[in-house]
Amino acid sequence: MGRVACSESGPALPNELVLPKGKLVRTTPGGADALRKVFVDLKRYSFTGYVETALPGERAAPRGYVLVIEGNPEIALHAVAEKVTEGKAALRAIMEDSYSERCAIEIHAKVDAEAIRAAYPKAILERILPRAGPLRYLEHFEKDGEEDDPGAVSERKIPQGPSRPRRSS
């Protein structure tokens, strides 16, 4: 049986993963830096709510949620088909999904963040540095190489942006 965060209405995911709908504040398409830009804006305004990603058109359409408290990513949940992933592995999968231009990124406000945090204790993201900004936090997960995370869901590498040519002296 799945877990219900705190609302009977809201987007249902496989295994009945449900978050409250809250108030939809903004929708933006995915792309190379789309999620990064969203997190920069959320940090700037000390936003509390969640970011939802949806990648339609796939057979088992992936959905991801990142709970943001005062502009900082706190919890990550990702579901595809019958598999729900939490924590670092979920954040990594959400980031991968967001690179697609077909991905829809929604920002939801006015949700009970504490109820969501209590419902998904295994999804809590560790802090890299005390009060590290979202960019520093996301960069930690974009590094090449696997981390010790038993919940890892993807073998795909996160695409890196275009590399800059090195200048010769």
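Things worth noting here:
- Extending 7 Å from Cα along the Cβ direction at Lys21 and again at Val40 yields two label points whose distance is 3.2 nm.
- Relative to the current alpha-carbon distance between Lys122 and Glu82, full extension at 0.36 nm per residue lengthens the span by 12.6 nm.
Values quoted throughout were computed directly from the atomic coordinates according to the rules given, and no laboratory measurement underlies them. A quick note: this is a predicted structure, and the numbers were derived from the prediction, not measured. FYI the Cβ positions are ideal-geometry reconstructions off the backbone, even for glycines, and counts take in every protein chain you see.
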